[in-house]
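The values are calculated or read from the model by the stated rules, or taken from the named source; none is laboratory data. Here the structure is a predicted model, which is why all the values come from computation and not from measurement. Positions of Cβ are generated from backbone atoms using ideal geometry, with glycine treated the same way; all protein chains shown enter the neighbour counts.
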């Protein structure tokens with residue numbers, strides 16, 4: 001006897017998945033607005049629900065724990081930065097393009113620093129003994145994304161014939177520079193100059209084109 005074929009999904013199953021994802025995204029975006037405006041310590045299921053215009057129950061049904069909510073927020077940062085880098089228009093000048101891509105990570109403009117500060121606060125939290133595995137995985141994704149960007153930039157600017165070992169070394173140096181500049185601009189904005197940071201990046205990118 002031929003078994004009956006599986007029942008098709010309900011007609012509205014696709015819509016339900018889309019609606020669930022939209023609710024999830026709206027909650028995460030609300031969290032970021034609270035964190036950027038009031039600081040990460042102000043984030044709670046209740047404050048996020050108020051910001052999103054939702055009930056507390058609506059938030060806790062989507063994110064059953066605070067750990068899930070915070071991990072989703074940090075994963076959102078990875079997605080947003082990756083998209084911003086991808087959206088940088090090509091100008092035909094590899095160094096200018098590379099600088100524009102790195103500027104999506106190094107907050108050269110004042111407007112980008114509050115969001116970057118929240119990201120660093122999450123990274124610091126992920127390093128604590130009580131951090132959830134999900135938050136640590138999200139932090140690892142932040143690091144992997146930046147490392148990958150620096151490797152792509154260094155590879156694109158490397159002269160022909162440069163050894164793999166030298167390309168890798170240069171990418172690691174660029175990674176360290178970008179991390180340091182970003183951290184300094186976020187943590188010590190009164191002691192760091194965006195112009196100086198940009199000049200350092202320009203200088204490093206120029207060096208990457210040399211044999």
Could you check, for segment 95-114, whether at least one of its residues is more than 24 Å from residue 39 (Cα to Cα), surrounded by fewer than 15 Cβ atoms within 10 Å (Cβ to Cβ) and without any contact (Cβ under 8 Å) to a residue 12 or more places away in the chain? yes
Of the residues in segment 174-205, how many are in contact (Cβ under 8 Å) with a residue 12 or more places away in the chain and within 16 Å of residue 99 (Cβ to Cβ)? 15
Is it fair to say residue 26 is at pLDDT 95 or above, outside any loop (DSSP other than H, G, I, E, B) and either closer than 19 Å to residue 126 by Cα or touching a helix residue (DSSP H, G or I) at 6+ places or on another chain (Cβ under 9 Å) (or both)? yes
Select, from 192, 170, 147, the only residue that is within 20 Å of residue 109 (Cα to Cα) and in contact with a helix residue (DSSP H, G or I) (Cβ under 7 Å, 6 or more places away or on another chain). 192
Out of (1) surrounded by fewer than 15 Cβ atoms within 10 Å (Cβ to Cβ); (2) free of Cβ contacts under 8 Å to residues at least 24 places away in the same chain; (3) not assigned by TED's automatic domain parsing to the domain that holds residue 107, what's the single condition that is false for residue 48? (1)
Quick one: residue 61 ticks every box in (1) in a helix (DSSP H, G or I); (2) farther than 30 Å from residue 204 by Cα; (3) touching a helix residue (DSSP H, G or I) at 6+ places or on another chain (Cβ under 8 Å) except a single one, so which number is it? (3)
What are the residues in segment 115-134 that are over 13 Å from the mean Cα position of the chain (by Cα) and either touching a residue at least 24 places away in the same chain (Cβ under 8 Å) or assigned to a loop (DSSP other than H, G, I, E, B) (or both), if any? 125, 126, 127, 128, 129, 130, 131, 132, 134
Residues of segment 152-170 that turn out to be free of Cβ contacts under 8 Å to residues at least 24 places away in the same chain and not in a loop (DSSP other than H, G, I, E, B), as a count: 8
